[in-house]
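Each remark here refers to the structure printed beneath this line.
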Amino acid sequence: MSKEQLWAKVSKASEISFRTDGDGTSMWRDLLASDPCASFVLKHSNELPALLDFLEEHREKLCSGYFSYDLGMALQDVSSRHSRQIPLAVIHAYDKWVEYQQGQPNYVGFNPIGLAEKEPGLESASSIEFTANISESSYARSIARIHEYIRAGDFYQLNYTQQLVGRSQRPISYPAMLKNHPADYAMAMEFDDMKIHSLSPELFLHHKNGILTTEPIKGTRPRGASQQEDDAHRQRLMSSGKEQAELFMITDLLRNDLGKVSEVGSIALEAVRDMRKLPRVWHTYSRISGRLRQDLKPIDALLSMLPGGSITGCPKKHAMEIIDELEDSSRGIYTGSMGYFHPDGDFSFNIAIRTLVQQGSEISLGSGGGITIDSNWEDEWDELMVKASTFK
């Protein structure tokens, strides 16, 4: 039975379903589940111990969900001037799920007979037009303000983002969108009236057998219309001193974050400025790993590092304070993290970018990038729109 068959069945039969889709990476399993046996909704950060108890109670089940950027703010002791529109975190526990390995399903906890009747046709992916919530002139003024902070020595780099808004009269077809825009760390989930579709190319944190791995992305160029143009864009990305400096700063930040929860001497730079090719963009990224300290649980590491440094800035805490000053709204799920805890002890969580949140007919999409002293607002605005073009 194909994944599309089962997804078509469960996504219609249940209001709460969950799915991950990788693009061949070993750090992101292909999973599908519906009808959770338990759920935890984190509304206030002081309820975090109860969430940890929930995960411990259901450690032999598959648990999935999101941790918002706003929760990361609370964990980093950064207050916000914005009101929150969604819970800080939502985690569902499943005692029945399907895990796909090399395309073959392994059914955990239930018999698949009768789940699907026929192979469904794949819906076409709707084109969604997004508009920014600020004007280009306002964006330019914010970039100038960030440059003032950098010159004053407040930080080296800051991730500045915008919320784009679109509308659709029908639910987004996650499978169709995924077919057009495969992503290494893609995930879909539901909660109440929210449908969340993340086509994320970025790993926040993976845990397996005591080893923690993170893959920060920095540096973006559009794909070309021809092979010659594509090669030129790729070369411009690799030769950009600004993009290199930005990635190296974030690599150091993540190495420091990972070092706080890892055994001394265990941090390894497994990749530095490698290239990742996506349907619409080129990215550069690094991969860093470390062995979890024996006095910590894996979830301790995840919460300690939230939110990811690639979507905050360096130094992290002060960058987050300025982000809250400059941005017009709460980030919510965007630039938080989505993923799963597997009962064998593994977990994987992405950086929730390229992530659509649909409530009724309204669809929100966060988009942005890292700002350094060498950034100019026109290029950053173009990059913001290139990233949003994933959904056009």
Q) Looking only at the range 145-187, which residues are among the hydroxyl-bearing types (Ser, Thr, Tyr), part of a helix (DSSP H, G or I) and within 23 Å of ILE134 (Cβ to Cβ)? A) TYR149
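Collect the residues in the range 232-268 that are of a type outside the set (A, V, I, L, M, F, W, C), under 24 Å from the mean Cα position of the chain (by Cα) and not in a loop (DSSP other than H, G, I, E, B), keeping them in residue-number order.
The answer is ARG234, LYS242, GLU243, GLN244, GLU246, THR251, ASP252, ARG255, ASN256, ASP257, GLY259, SER262.
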**Q.** the range 175-198, subset hydrophobic (A, V, I, L, M, F, W, C) and closer than 20 Å to SER2 by Cβ, residue surrounded by the most Cβ atoms within 10 Å (Cβ to Cβ)
**A.** MET187
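Can you name the strands (runs of 3 or more DSSP E) wholly within the range 320-392 that have at least 1 residues being farther than 22 Å from LEU31 by Cα? Spell out how you get there, then give the answer.
Numbers: elements: 337-341, 347-350, 355-359, 362-371.
The qualifying strands (runs of 3 or more DSSP E) are 355-359, 362-371.
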Q: Determine which member of the set SER348, SER367, SER375 is more than 20 Å from the chain's Cα centre (by Cα), buried (at least 21 other Cβ atoms within 10 Å of the Cβ) and modelled with pLDDT of 85 or more.
A: SER375
(Q) When the residues of the range 58-104 are narrowed to those that are among the small types (Gly, Ala, Ser) and either farther than 20 Å from PHE347 by Cα or touching a helix residue (DSSP H, G or I) at 6+ places or on another chain (Cβ under 7 Å) (or both), which ends up surrounded by the most Cβ atoms within 10 Å (Cβ to Cβ)? (A) ALA89
Q) Any chance the range 201-209 includes a residue that's under 23 Å from TYR156 (Cα atoms), among the hydrophobic types (A, V, I, L, M, F, W, C) and touching a Leu at 6+ places or on another chain (Cβ under 9 Å)? A) yes
Q. Pairs under 7 Å by beta carbon, first residue of a type in the set (Ser, Thr, Tyr) in the range 43-64, partner assigned to a helix (DSSP H, G or I) and surrounded by fewer than 17 Cβ atoms within 10 Å (Cβ to Cβ), six or more apart or different chains?
A. none
Q. Does LEU55 meet the test of being at pLDDT below 95, touching a strand residue (DSSP E or B) at 6+ places or on another chain (Cβ under 7 Å) and surrounded by 17 or more Cβ atoms within 10 Å (Cβ to Cβ)?
A. no
Q: Return yes or no: is LYS242 of a type in the set (Lys, Arg), at pLDDT below 95, out of contact with any Asp or Glu (no Cβ under 9 Å at 6 or more places or on another chain) and over 22 Å from PHE67 (Cα atoms)?
A: no
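The values are calculated or read from the model by the stated rules, or taken from the named source; none is laboratory data. Just so it is clear, the model here is predicted, and its values are computed rather than measured. So basically every Cβ, Gly included, is an ideal-geometry build from the backbone, and we count neighbours across all protein chains shown.
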